1. What tally of residues in the range A:115-155 results from selecting those that are over 24 Å from A:Glu60 (Cβ atoms), at the interface with another protein chain (Cβ under 10 Å from one of its Cβ atoms) and touching a residue at least 60 places away in the same chain (Cβ under 8 Å)?
2. Would you pick out the residues in the range B:115-162 that are of a type in the set (Asp, Glu) and more than 22 Å from the chain's Cα centre (by Cα)?
3. Being modelled with pLDDT under 95, closer than 20 Å to B:Tyr238 by Cβ, in contact with a Cys (Cβ under 6 Å, 6 or more places away or on another chain) and assigned by TED's automatic domain parsing to the domain that holds B:Val273 is the requirement here; does B:Glu39 meet it?
4. Of all residues in the range A:218-235 being part of a loop (DSSP other than H, G, I, E, B), of a type outside the set (Lys, Arg) and more than 14 Å from every other protein chain (Cβ to nearest Cβ), which is nearest to A:Glu39 (Cα to Cα)?
5. Among what's in the range A:44-64 and is buried (at least 19 other Cβ atoms within 10 Å of the Cβ) and among the small types (Gly, Ala, Ser), pick the residue that is nearest to the other protein chains (Cβ to nearest Cβ).
6. Hey, can you tell me all the residues within the range B:156-179 that are part of a helix (DSSP H, G or I) and either in contact (Cβ under 8 Å) with a residue 12 or more places away in the chain or within 22 Å of B:Ala254 (Cβ to Cβ) (or both)?
7. Determine if the range B:136-143 includes at least one residue that is modelled with pLDDT under 95 and in contact with a strand residue (DSSP E or B) (Cβ under 6 Å, 6 or more places away or on another chain).
8. Test B:Cys388 against the criterion of being touching a residue at least 12 places away in the same chain (Cβ under 8 Å) and over 39 Å from the mean Cα position of the chain (by Cα), and give yes or no.
There are 2 protein chains.
Amino acid sequence: MRNYLFETWRTVARRYGCVEYESPILEDTGLYLKKSGGELSSQLFRFEDQGGRDVTLRPEVTASLARIVAAEQRQYPKPLKWFEIGQCFRYEKPQKGRGREFYQFNVDILGEAGPGADAELIALAIETMLAFGFTAADFLVRVSDRNAWLKFAEEKGIEAEKMAAFLGLVDKLEREKPEVLAEKLAGFGMTLEEVEAFVSNPENASDTYDLIRADLEARGFGDFLELDLSIVRGLAYYTGVVFEIHDARKSMRAVAGGGRYDTLINIISDGAVDLPATGFAMGDYVIRNLIEETTHAAMQMEVWLQRNGAGCEVYVVIPDEVRRGDALRLATRLRQAGLSVDLPLSHAKVAKQFQAAEKCRARFAVIIGEEYPLVKIKVLASRTEESCDASMLVEWMLRRISEPDGPLLA
Amino acid sequence: MRNYLFETWRTVARRYGCVEYESPILEDTGLYLKKSGGELSSQLFRFEDQGGRDVTLRPEVTASLARIVAAEQRQYPKPLKWFEIGQCFRYEKPQKGRGREFYQFNVDILGEAGPGADAELIALAIETMLAFGFTAADFLVRVSDRNAWLKFAEEKGIEAEKMAAFLGLVDKLEREKPEVLAEKLAGFGMTLEEVEAFVSNPENASDTYDLIRADLEARGFGDFLELDLSIVRGLAYYTGVVFEIHDARKSMRAVAGGGRYDTLINIISDGAVDLPATGFAMGDYVIRNLIEETTHAAMQMEVWLQRNGAGCEVYVVIPDEVRRGDALRLATRLRQAGLSVDLPLSHAKVAKQFQAAEKCRARFAVIIGEEYPLVKIKVLASRTEESCDASMLVEWMLRRISEPDGPLLA
């Protein structure tokens, strides 16, 4: 299952001309301190190593990416389009949609400040969902722009240093009780109605949003978009357009999320490098759940797993140990021709060998028996038998493996 | 490069009918304490998590495998043929052939006590090397049997509890100074000459070794084998045949190593499960070095990386922003047909766009210009130009991408 996610992620990223990079799992805790602006999450998997260094099992990849890009960006033409599929860690009790160890697909475009980069990134996120077999009936992309809120805050006279706390409340519009929200908003001199009115008025969308929408409509992805100013993303470092992918019923956590972070590289590099950037991440837990709960996506995965998963194509049956040497030689030749082959590793009854062939879902059983060098081949699904000379076995098998078994005889 | 290793490892393991499994990166330190028989390596990446638990970033995968197999083996038919490609950690200064974070390819066959399993495993290790393009001139498999040493020790009257220390000296035969070795062996009442004579006498090989050799010869892999009793593997838990793969000049650390460990599952499960087992691991560092230093293996990797690596197949050139919408639509169609496509994300001069096309090693530049819906296509290697109607572009491209460009005109 993990491989299905990885292959799909990788395939889509490559279609978009993205380059895969690697970053370490262990980072100095200071990196996350810088990135978060001084506040560390209690979910951080942080510890002191034997050398007395304060290190952290990365909770996400963007900090490492920013560190690497800040150090190495000079050698690459811009924009950078980079992706990584990597393991991340969260210190908390495992629960549905979350695990202590998880994988994240990260895509980032760096060095392009215009809305074309945001649109390219959102298009890539949408095509990732399409590649899993999802349709417009299954998911939507909720897009927002933090700059719209900055303008709102300016009009309402919210001070800059209170902005993060205010956006924290906006982030909770869907989840927090209205009374609680109203009370907290009062602290900013604002009513819940004012905020909700702002969210629900499409005219508050920024010009940038309109340009991104037009771009994505040209690509044929307009149907997936929903302007939703209540999306602000929890993290402090986003600077512009942000987005989340949700299941159509919005019954789960976000499947993916991201946005523009034009100042992070500057912060991580202590002011040495300025590079506009936008990126998103998709974890493996929520997408797994959504695939499993969506019939056509689940079926598509099943077919892939059957083709790429456990088991083998050919099982070599050895009725008499005297033929083991010949069987080993033929099995090796079949494997070297690219076929997946299993065989009994010690003496076993023939019936047991056929059971093993069934259990590993082999399509053919090759019997190296008394008639050798004549080899009998049993097509396990149709229970029909054919035969060929040992010297022709590889050729026979390569031809047959690419053909269907044909209709079963009644 | 990592992906090249992973894909090669995975391909060979599947040909052998092995099933991929996943195990966690973080384990309770107690697991490694059990496995090592109470002695913990100073290279262990060990720490206390926020919940006060003593945890370790896994140094290798076998302990986790043994834990999982002990718990779940009942549900699977035997033998189990399992593999994992996973990240491991070592607490030490990075040096050539070693890194703090590294990947390991692990293959294990469990539930089969006979030499057929050892031979199958060694064959898989050899075919992994062949898949990287190595030949018999590049590497060899040094095979030994701990039981030969047990017999030797019995004859020489070495007590059982001193066996581990004695094998530790045998392990150092190639690396330690003769004077130092001789002095230490004297403590066991033995001379260096006695030990070296035992190592160099092929008659000391066990019957098991002979059976494995015959099996591998039947497969056509006899040339890769070298009986070498000086190989005993450092770890305490090996119980029978052990082996290492080395570069032909033996100038590097072992590329891979493994062997039989028939008692480990019993130890890890506190006596609940008994399951004979044999396995090997190949790290990513030494194999990387060996590939890079071996011309034909390095070239094979280069070709793979060119085909699967960075860059894109098609670059869409947009001479005038008025055509961006059409360009986006066509780029999306090409991507959805499986092609790797890049395009400028904001306005750029045409010359700069062609530079970008070269930099991402595109094969075709598709120009969405004044003549649209007529589309010009430039074959970048031959600098020839063709054209087609926008509605035919995907079909044109799919046909052309599978053909070579043809000879360049002088």
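The values are calculated or read from the model by the stated rules, or taken from the named source; none is laboratory data. Everything quoted here is computed from the prediction, not taken from an experiment. Glycine also receives a Cβ, built like all others from the backbone with ideal geometry; neighbour counts cover every protein chain displayed.
1. 2
2. Pass one, the range B:115-162, residues of a type in the set (Asp, Glu): B:118, B:120, B:127, B:138, B:145, B:154-155, B:159, B:161.
Across the range B:115-162, the qualifying residues are B:Asp145, B:Glu154, B:Glu155, B:Glu159, B:Glu161.
3. Working: modelled with pLDDT under 95: yes; closer than 20 Å to B:Tyr238 by Cβ: yes; in contact with a Cys (Cβ under 6 Å, 6 or more places away or on another chain): no; assigned by TED's automatic domain parsing to the domain that holds B:Val273: yes.
Against the criterion (modelled with pLDDT under 95, closer than 20 Å to B:Tyr238 by Cβ, in contact with a Cys (Cβ under 6 Å, 6 or more places away or on another chain) and assigned by TED's automatic domain parsing to the domain that holds B:Val273), B:Glu39 does not qualify.
4. Per the stated criteria, the residue is A:Leu235.
5. The extreme case among them is A:Ser64.
6. We begin by selecting, within the range B:156-179, every residue part of a helix (DSSP H, G or I); these are B:156, B:160-171, B:178-179.
Hits for the range B:156-179 are B:Lys156, B:Lys162, B:Met163, B:Ala164, B:Ala165, B:Phe166, B:Leu167, B:Gly168, B:Leu169, B:Val170, B:Asp171, B:Pro178.
7. The answer is no; no qualifying residue exists.
8. Details: touching a residue at least 12 places away in the same chain (Cβ under 8 Å): yes; over 39 Å from the mean Cα position of the chain (by Cα): yes.
Against the criterion (touching a residue at least 12 places away in the same chain (Cβ under 8 Å) and over 39 Å from the mean Cα position of the chain (by Cα)), B:Cys388 qualifies.
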